[in-house]
1. Using the Cα centre of the chain as the reference point, and only Cβ charges (+1 on K/R, -1 on D/E), how large is the resulting charge dipole? Debye, rounded to the nearest 20.
2. Can you compute the modelled spin-label distance between residue 318 and residue 244, with each label point 7 Å from Cα toward Cβ, in nm?
3. Name the residue from 75, 234, 85 whose Cα lies farthest towards the positive end of the charge dipole of the chain, charges +1 on Cβ of Lys and Arg and -1 on Cβ of Asp and Glu.
4. What fraction of the Cα pairs in the range 265-327, stated in percent, has a spacing above 16 angstrom?
5. With a cut-off of 8 Å between alpha carbons and a minimum separation of six or more residues, what is the relative contact order of the range 334-377 in percent?
6. Given +1 on the Cβ of Lys and Arg, -1 on the Cβ of Asp and Glu, and no further charges, what dipole in debye does the range 1-125 carry about its Cα centre, rounded to the nearest 20?
7. Please identify the helices of the chain, taking whole runs of DSSP H, that span at least 30 Å along their own axis as judged from the Cα atoms and have a mean Kyte-Doolittle score of 1.6 or higher.
8. Once the convex hull of the alpha carbons of the chain is built, what does its volume come to per residue, in cubic angstrom?
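FYI, it's all coordinate maths here, none of it is from the lab. The shown structure was predicted, so the numbers you read here are calculated from the model rather than taken from an experiment. Quick reminder, even Gly has a Cβ in these numbers, built from the backbone with ideal geometry, and neighbours come from all protein chains shown.
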Amino acid sequence: MSNEIPLSTLIRRTPWPDGAHAAMGTPLQPSVVYTSADPDALDAQYLRGHGYTYAREGHPNASVLAQKLDLLEGGKGGLVLGSGMAAATAILCGLLNSGEHVLGGDQLYGRTLRLMSQDLPRWGIETSFADPTNIAAMEAAMQPNTKMIIVEVVANPTLRIADINGIAALAKARNALLVIDNTFTTPAALRGFDLGADIVFHSVTKLLSGHSDATLGYAVARDPELQHKIRDMAVTMGLTPSPFDCWLAERGLFTFDLRYERASANAAMLAEELSSHEMVKQVIYPGRSDHPDAARATELLGGAFGNMLSFELQGGRDAANRFVHAAQDLPFAPTLGDVATTLSHPASSSHRGLSSEARLALGITEGFFRLSVGIEPPEYLKSVVQSALKRC
Ligand SMILES: *Cc1c(COP(=O)(O)O)cnc(C)c1O
């Protein structure tokens with residue numbers, strides 16, 4: 001190798017061999033720090049804003065992943081963060097000031113709800129929530145100091161569809177930023193910027209990464225100045241992603257389109273299968289004509305109805321316990337977006353903190369389940385679900 005130079009001591013890095021740059025796979029770069037030629041070179045690097053100095057401020061594996069996510073969302077200069085909640089935190093804390101108000105959809109992800117209801121008020125940021133399927137309720141909840149509206153287009157686990165066109169028009173008319181958490185829907189079903197969002201964010205942990213082995217988030221703003229503020233907040237708070245997780249997520253993204261297509265087809269098939277069973281009281285899937293927001297789902301999702309499916313069993317908690325035991329081949333785990341189909345029971349997991357009245361108001365009974373449908377062969381999934389229903 002041409003660049004081999006004798007090492008003076010073991011306590012120096014061995015030069016990386018020539019030819020290594022032609023690797024077809026993306027290298028994993030865990031280095032925390034980067035050297036510079038001299039102070040002028042370091043100045044030039046800070047001025048240009050490229051290159052790397054310290055991993056909390058950026059590293060190559062995060063940059064590589066961010067470019068792929070930018071391509072998916074149709075954004076520019078997006079930021080990869082250490083989790084979906086890191087993205088939510090950087091956006092809310094980076095862009096809102098004390099004395100301002102943010103309006104959230106009332107079925108946001110549980111930790112986003114908690115950040116907004118318990119933490120932001122401690123810092124003087126006012127928050128409130130309204131039903132995003134009801135534009136009149138959203139409008140009524142706006143205040144003169146509302147600076148931001150934050151919503152998910154498809155709610156977990158009721159799969160209700162927000163009136164996002166109405167909300168985008170409202171945000172525009174009142175000069176508030178519209179933030180969309182696009183984790184559930186993914187850019188395969190809709191792109192936040194096309195719907196009028198100013199900022200889009202993700203838990204990359206879920207469908208995008210897809211293998212339940214990387215915890216990451218992503219945030220992209222249409223306006224570079226807002227993106228800059230989000231980045232500064234993330235770097236200051238240390239909401240940095242791990243290079244290894246970025247490397248895994250990039251690998252996951254190569255198959256995102258294929259996984260999404262297969263998982264969505266499986267979900268549509270299971271929705272049909274479940275709906276014809278006498279033990280099943282109701283099936284909630286955006287592609288079904290009996291979905292409460294069916295027309296909006298068709299208009300917004302353009303046929304990409306996704307991998308998430310909810311259903312309600314007859315017979316309450318006892319039947320729910322029996323179903324989980326009988327469906328031993330479906331991991332009972334409160335996450336979503338894995339290659340494997342996972343089963344979750346919101347009343348005992350994501351929504352356990354609510355009173356039973358509040359749960360019932362959302363339709364979450366003891367027999368209510370959510371399936372995050374994976375990419376297994378359809379016949380296999382069908383038989384697992386059929387035999388579990390028979391035994392419950
Ligand atoms: C999981 C999730 C989050 C939080 O993401 P983490 O990566 O777990 O921090 C935010 N929003 C939605 C819709 C989620 O499903």
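1. With Lys and Arg at +1 and Asp and Glu at -1, about 500 debye.
2. Here the modelled spin labels are 4.7 nm apart.
3. The listed residue farthest towards the positive side: 85.
4. In whole percent, the share of Cα-Cα pairs in the range 265-327 beyond 16 Å is 49.
5. Values: 55 pairs, mean separation 24.7, N = 44.
That works out to 56 percent.
6. Result for the range 1-125 is approximately 320 debye, rounded to the nearest 20.
7. Qualifying helices: none.
8. Each residue corresponds to 166 Å³ of Cα convex hull volume.
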